[in-house]
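Peer 1: My questions all concern the structure below.
The values are calculated or read from the model by the stated rules, or taken from the named source; none is laboratory data. Since the model is a prediction, treat every value here as computed from it, not as a measurement. All Cβ positions, glycine included, derive from the backbone under ideal geometry; neighbour counts span all protein chains shown. We work out accessible area using only protein heavy atoms, side chains counted, and drop any ligands, DNA or RNA first. Shrake-Rupley method; radii C 1.70, N 1.55, O 1.52, S 1.80 Å.
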Amino acid sequence: MTPDPLNFGPDFRWGVSTSAYQIEGAVTEGGRGPSTWDTFCASPGAVLNGDTGEVACDHYHRYAEDVGLMRDLGVDVYRFSFSWPRIQPSGIGPGNADGLDFYDRLIDSPLTAGIQPAPTLFHWDTPQALEDAGGWASRDITGRFADYAALLAERFADRVPLWMTINEPVVLTLLGYAVGGHAPGKRLGFEALPVAHHQLLAHGRAVQALRAGGASNIGIASNHAPTWSASDSPEDVAAAGFYDNLVNWLFADPVLLGRYPEGLGEAMPGPVAEDLEVISTPIDWFGLNHYAPVRVGAPTGNPDTAATDGIPMPDGLPFEPRVLEGYPRTDFGWPVVPEAFGEILQTFKTRYGDRLPPIYITENGCAINDEPVDGVVTDQRRIDYLGAYLRVLKESIDNGIDVRGYFQWSLLDNFEWAAGYSQRFGLVHVDFKTQARTPKASYHWYRNLIAKSRE
Ligand code: PNW
């Protein structure tokens, strides 16, 4: 009998991921302060159809039902994020009692169901008051973030077995501050590079504060994908190499090697050498979010082949993302390229060698927007996607890459940032009018896969 290519064995940990602003709603309840995403959503034209996270999946009130869905799914771990403005409404000072109480419930409820809570400290919803004081462009926020981490450790370290500091610092840097497609909507171009440094420093300071407060098993959730050069020409290869440094190694090298890729450290503010010591504070595991590879060439300005997702780019960039032809696409238009998942894992192993801690896949998934028909959501294309990506993951593990767990993005259809509710990443369909939850075919498929791995 051939072994089941999707049997990961009994020790592999299965999970689902969510984030606070994308699912909680209740943005004015329990003393929560405003976040940059509340502000961004209120700005006309910023989010598709004027959608906002005001209600989202109403997870703030319906978390118990959602934990029930996870229990029936059989996952080992639930990745969610703390909303910083629920804990500290203006990003500073003592913890807000109602906010802390909510996260007590969100931690205790999975634990009671046999699921380990795995919170991320920050998934892009910066307290607006901190943004008004300079946000991630200002070094001050790193001290605020360390205080916030200390407060969380003090309250939750006894019950949280797995921690993540920051989600996808590259996306906040580039979309939030360089090109403005995400909150806070700044268009600083390369002047946004300090935002990367401050998030990395905040990460390092938070690792230290969490440990000092008794927390252990700490990682980061950083997204990475291969950069493919548009051709073998020296111009394209150089452009792709620059882009690769900017989106991948700018964020992983400082954490894992204590240095910036060539040419990028010079752009950073502060005592960079000392900061790198803090940034490279050892972590226990590296969380990798993976979606799709990017093809990049030298600038041509040809609008037919340049791919910018409709976001106007700053002038004079030394690279140009290109449309990646020849692959199926998700409903969001992202190419489906399972072999790129294996490639980025292998690249991490080669690049970091002994410095690479165990990996968790902290996000992977796809927007497939099937709606219920007679109460049934037959999202076969999501099953095909997950099957193909998980096969590649299993091969990578068999080839010696130390991956300990996988979190599918996402449990629920949710607020997909600038795309609003138009893109559905969930294993569970959410009717945003009634809040009815309907597990999709992919939910039943994932449940079966988890159960079989444990046999
Ligand atoms: C991640 N890109 O965002 C986030 O962590 C999630 O909150 C989000 O819902 C999920 O992926 C799906 O989008 C990304 O441009 C945003 O390559 C943009 C990119 C990748 C991930």
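Peer 1: Just give me the residues in the range 405-438 being in a loop (DSSP other than H, G, I, E, B), closer than 27 Å to residue 449 by Cβ and away from the ligand (no atom under 15 Å from the Cβ), in sequence order.
Peer 2: Answer for the range 405-438, where residues must be in a loop (DSSP other than H, G, I, E, B), closer than 27 Å to residue 449 by Cβ and away from the ligand (no atom under 15 Å from the Cβ): 431, 436.
Peer 1: Continuing with this model, one more query. Looking for something more than 15 Å from residue 220 (Cα to Cα), open to solvent by 10 Å² or more (accessible area, probe 1.4 Å) and touching a Ser or Thr at 6+ places or on another chain (Cβ under 7 Å) - is there at least one such residue anywhere in the range 94-102?
Peer 2: For the range 94-102, residues more than 15 Å from residue 220 (Cα to Cα), open to solvent by 10 Å² or more (accessible area, probe 1.4 Å) and touching a Ser or Thr at 6+ places or on another chain (Cβ under 7 Å): absent.
Peer 1: For residues that are open to solvent by less than 10 Å² (accessible area, probe 1.4 Å) and either away from the ligand (no atom under 16 Å from the Cβ) or of a type in the set (Gly, Ala, Ser) (or both), tally how many sit in the range 340-378.
Peer 2: Number of matching residues: 8.
Peer 1: Does residue 146 count as at pLDDT 95 or above, touching a helix residue (DSSP H, G or I) at 6+ places or on another chain (Cβ under 6 Å) and crowded, with 19+ Cβ neighbours inside 10 Å?
Peer 2: Spelling it out, residue 146 is indeed at pLDDT 95 or above, touching a helix residue (DSSP H, G or I) at 6+ places or on another chain (Cβ under 6 Å) and crowded, with 19+ Cβ neighbours inside 10 Å.
Peer 1: Does the range 285-308 contain at least one residue that is within 16 Å of the ligand (Cβ to nearest atom) and of a type in the set (Phe, Trp, Tyr)?
Peer 2: Yes; the residues of the range 285-308 include at least one that is within 16 Å of the ligand (Cβ to nearest atom) and of a type in the set (Phe, Trp, Tyr).
Peer 1: May I ask you to list the residues in the range 53-80 that are basic (Lys, Arg) and touching a strand residue (DSSP E or B) at 6+ places or on another chain (Cβ under 7 Å)?
Peer 2: If the condition is that a residue be basic (Lys, Arg) and touching a strand residue (DSSP E or B) at 6+ places or on another chain (Cβ under 7 Å), then 79 is the only one that fits.
Peer 1: Does the range 296-305 contain at least one residue that is under 27 Å from residue 47 (Cα atoms), surrounded by 14 or more Cβ atoms within 10 Å (Cβ to Cβ), free of Cβ contacts under 8 Å to residues at least 40 places away in the same chain and of a type outside the set (D, E, K, R)?
Peer 2: So far as the range 296-305 goes, yes, one or more of its residues are under 27 Å from residue 47 (Cα atoms), surrounded by 14 or more Cβ atoms within 10 Å (Cβ to Cβ), free of Cβ contacts under 8 Å to residues at least 40 places away in the same chain and of a type outside the set (D, E, K, R).
Peer 1: For the range 205-241: of the residues being open to solvent by less than 20 Å² (accessible area, probe 1.4 Å) and among the β-branched types (Val, Ile, Thr), which is nearest to residue 349 (Cα to Cα)?
Peer 2: Checked the range 205-241; the qualifying residue nearest to residue 349 (Cα to Cα) is 220.
Peer 1: Of 261, 282, 271, which residue is more than 16 Å from the ligand (Cβ to nearest atom) and either within 17 Å of residue 223 (Cα to Cα) or surrounded by 19 or more Cβ atoms within 10 Å (Cβ to Cβ) (or both)?
Peer 2: Going through 261, 282, 271 in turn, just one is more than 16 Å from the ligand (Cβ to nearest atom) and either within 17 Å of residue 223 (Cα to Cα) or surrounded by 19 or more Cβ atoms within 10 Å (Cβ to Cβ) (or both): 261.
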